[in-house]
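The values are calculated or read from the model by the stated rules, or taken from the named source; none is laboratory data. The structure presented is a predicted model; accordingly, all values stated were derived computationally and were not measured. When we count neighbours, we look across all protein chains shown, and the Cβ atoms used for this are built from the backbone with ideal geometry, even at glycine. What goes into the accessible areas is simple: the full protein's heavy atoms, side chains included, and nothing from ligands, DNA or RNA. Shrake-Rupley method; radii C 1.70, N 1.55, O 1.52, S 1.80 Å.
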Amino acid sequence: MHLLVQRQTATFLITDVTTIKQQLLHWANQYNSCSFLDNNQYHSLHSSIECLVGAGAVKIFSPTADEQQKLKAFLKETNDWLFGHVSYDYKDVLEPSLNTESIDNIGFEKIYFFQPEVVVQLSKNEMIIESLTLSPQEVFNQILAISHLSPFTFHLSPFTINQRISKQSYLQTIQQLKNHILRGDCYELNYCQEFYAEDAVIDTLNIYQQLTQISPNPFSCYYKLQDKYLLCASPERYIKKDGSRLISQPIKGTFKRSTESTEADESLKQQLFASHKDRTENVMIVDLVRNDLSKICKEGTVEVEELFGIYTFPQVHQMISTIAGELDDANDFADILEATFPMGSMTGAPKKRVMQLINEYEQSPRGLYSGAVGYISPNKNFDFNVVIRSILYNATNKYLSYHVGGGITFNSDAESEYEECLLKAAAMRKVLTAD
């Protein structure tokens with residue numbers, strides 16, 4: 001067992017969390033690698049850190065073979081903060097029969113973690129800085145010195161957002177998927193489509209700030225690895241470990257907000273709660289997550305903390321359930337990935353069969369979309385989001401992409417599912433097409 005890495009640590013009092021968060025974002029973006037994880041001041045039973053940042057990579061983990069074995073070894077030898085991602089295509093590692101040869105134009109690796117040079121934890125009243133090289137005071141001074149905060153303007157080079165598939169093709173595919181459900185191939189399938197732009201030049205910081213201003217969600221992140229960017233406004237948690245407690249919070253069920261009145265908006269929340277289609281969709285994934293967690297948790301400890309919880313976000317109302325269990329001591333993060341990834345809310349049930357169908361019917365590789373971004377702390381606690389409501393961008397080849405999708409059941413109406421996709425894409429399209 002390796003000793004914990006010794007970092008210089010100091011705590012600083014702050015008064016204006018909104019301004020310093022923007023300064024912190026701009027400061028982190030100066031590094032080739034950074035992960036800016038933002039809770040956007042949401043308060044819930046399982047929220048913990050308001051804003052957590054890892055900047056600068058002193059050590060990188062990104063294997064291309066024997067990933068699971070190497071991940072277990074890496075976790076044992078690195079008792080320090082780790083920031084990174086697991087892309088949807090990590091399914092090929094966990095289930096080699098699902099391997100696809102499609103080309104991902106963004107280029108995020110299947111799995112990637114970096115040990116950061118600097119870690120910053122931000123709360124309402126204080127900032128904790130942990131550094132391997134610079135003194136915390138020097139880092140704090142650098143952050144406060146940031147004055148050239150990007151104004152909320154766009155100045156984008158003109159580009160066209162294209163749909164990978166037509167609406168008619170989407171509607172036809174939904175009918176084909178419902179035929180698979182009717183035949184008993186699956187119960188539910190998460191079907192996604194891509195919107196993309198080529199030869200796109202964007203100000204990634206500006207777009208991220210705009211996106212999170214319009215849609216400030218609790219699992220947002222600005223994630224940069226050299227020339228690859230994730231601008232994420234996700235409302236969904238994949239999995240969290242707090243001590244021996246594992247928590248997963250799948251989202252299934254989406255209704256639009258009403259701008260007419262508080263009463264009309266409340267009526268939509270009640271309609272979502274009562275929706276037979278959305279309850280059916282949600283409970284299927286709850287059962288899948290319960291089954292996944294039971295593989296790695298102590299017998300009899302997996303429970304549904306909340307079923308069909310209705311949560312309100314700036315763009316939509318969502319149905320969220322919470323499943324938790326006590327982790328068996330023998331299992332580490334690699335074992336948890338093997339048992340639970342990809343997350344059921346982004347696949348469907350049964351998981352292996354629907355991933356085969358996703359390979360067959362989706363026209364674009366998902367890449368980092370519907371994967372997870374997060375952190376692992378020195379004491380092996382962690383928290384990872386679900387990468388949805390996200391813009392992916394490669395600054396070298398100027399390719400920009402965002403996916404949207406939804407869970408398809410036998411009761412799904414194809415037109416309604418298409419409209420739900422457009423609703424989920426609204427904030428991303430708005431920031432990319434604003435005049």
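Spelling out what I want: for every residue of segment 412-422, take phi, set θ = phi - 60°, compute 6.51 cos²θ - 1.76 cosθ + 1.60 (Karplus), and round to whole Hz; glycine and proline get x.
Result, ordered by residue: 5, 9, 4, 4, 5, 5, 5, 5, 5, 4, 5 Hz.
Probe radius 1.4 Å, ligands and nucleic acids left out: which of 268, 368 has the largest accessible area, and how do the rest follow? Walk me through the numbers before you get to the answer.
Values: 268 25, 368 0 Å².
The most accessible residue leads, giving 268, 368.
Can you give the Kirkwood hydrodynamic radius for segment 1-94, in Å, rounded to one decimal and based on Cα pairs?
16.3 Å
Would you compute the Debye intensity of the chain from its alpha-carbon atoms alone, equal scatterers and no solvent, and pass along log10 I(q)/I(0) at q = 0.07, 0.09, 0.12 Å⁻¹ to two decimals?
-0.32, -0.54, -1.01
Largest first, what is the accessible-area ranking of 127, 284 with a 1.4 Å probe?
Working: 127 0, 284 50 Å².
Largest accessible area first, the list is 284, 127.
Computed FRET efficiency, Cβ-Cβ of residue 287 and residue 415, R0 22 Å: what is it to the nearest 0.05?
So the FRET efficiency works out to roughly 0.20.
Given the whole protein assembly as supplied and a 1.4 Å probe, what does the accessible area of residue 70 come to in Å², nearest 10?
90 Å²
Give a residue-ordered list of calculated ³J(HN,Hα) values for segment 46-52 (Karplus: 6.51 cos²θ - 1.76 cosθ + 1.60, θ = phi - 60°; whole Hz; x for Gly, Pro).
10, 6, 9, 9, 5, 8, 10
Debye calculation, C-alpha points only, no solvent: report log10 I(q)/I(0) for segment 57-195 at q = 0.09, 0.11, 0.21 Å⁻¹, in the same order as the q values.
-0.57, -0.79, -1.26
For the chain, which whole-number percentage of the solvent-accessible area (1.4 Å probe, protein heavy atoms only) is attributable to carbon and sulfur atoms?
Its accessible area is 49 percent carbon and sulfur atoms.
Would you mind computing, in nm to one decimal, how far apart the modelled labels at residue 422 and residue 172 are, each placed 7 Å from Cα along Cα→Cβ?
2.0 nm
Report ³J(HN,Hα) in whole Hz for each residue of segment 325-331, in order, from the Karplus equation J = 6.51 cos²θ - 1.76 cosθ + 1.60 where θ = phi - 60°; Gly and Pro get x.
Working through the residues one at a time gives x, 8, 5, 5, 4, 6, 9 Hz.
Working out 0.36 nm times the residue gap between residue 77 and residue 162, then minus their Cα-Cα distance, what length gain in nm do you get to one decimal?
Here the segment from residue 77 to residue 162 would lengthen by 26.1 nm.
Taking only DSSP H segments of four or more residues, each worth -39500 (n - 2.57), what value at 222 nm results for the chain once the sum is divided by all its residues, to the nearest 500 deg cm²/dmol? Walk me through the numbers before you get to the answer.
On the way: 11 runs with 136 residues, N = 435.
It lands at -10000 deg cm²/dmol.
If amide H atoms are built 1.01 Å from N in the plane of the peptide, which residues on other chains or at least 5 residues away come under 5 Å of the amide H of residue 123?
Placed amide hydrogens put 128 under 5 Å from residue 123.
Quick check for you: with a 1.4 Å probe and neighbouring chains kept, what is the accessible area per residue of the chain, in Å²?
41 Å²
Apply 1/(1 + (r/R0)^6) to the Cβ-Cβ distance of residue 128 and residue 92, taking R0 = 41 Å, and write down the FRET efficiency to the nearest 0.05.
Computed FRET efficiency for residue 128 and residue 92 comes out at 0.60.
If you average the alpha carbon positions of segment 421-435 and of segment 84-151, how far apart do those two centres end up, in angstrom?
Each part's Cα centre sits 25 Å from the other's.
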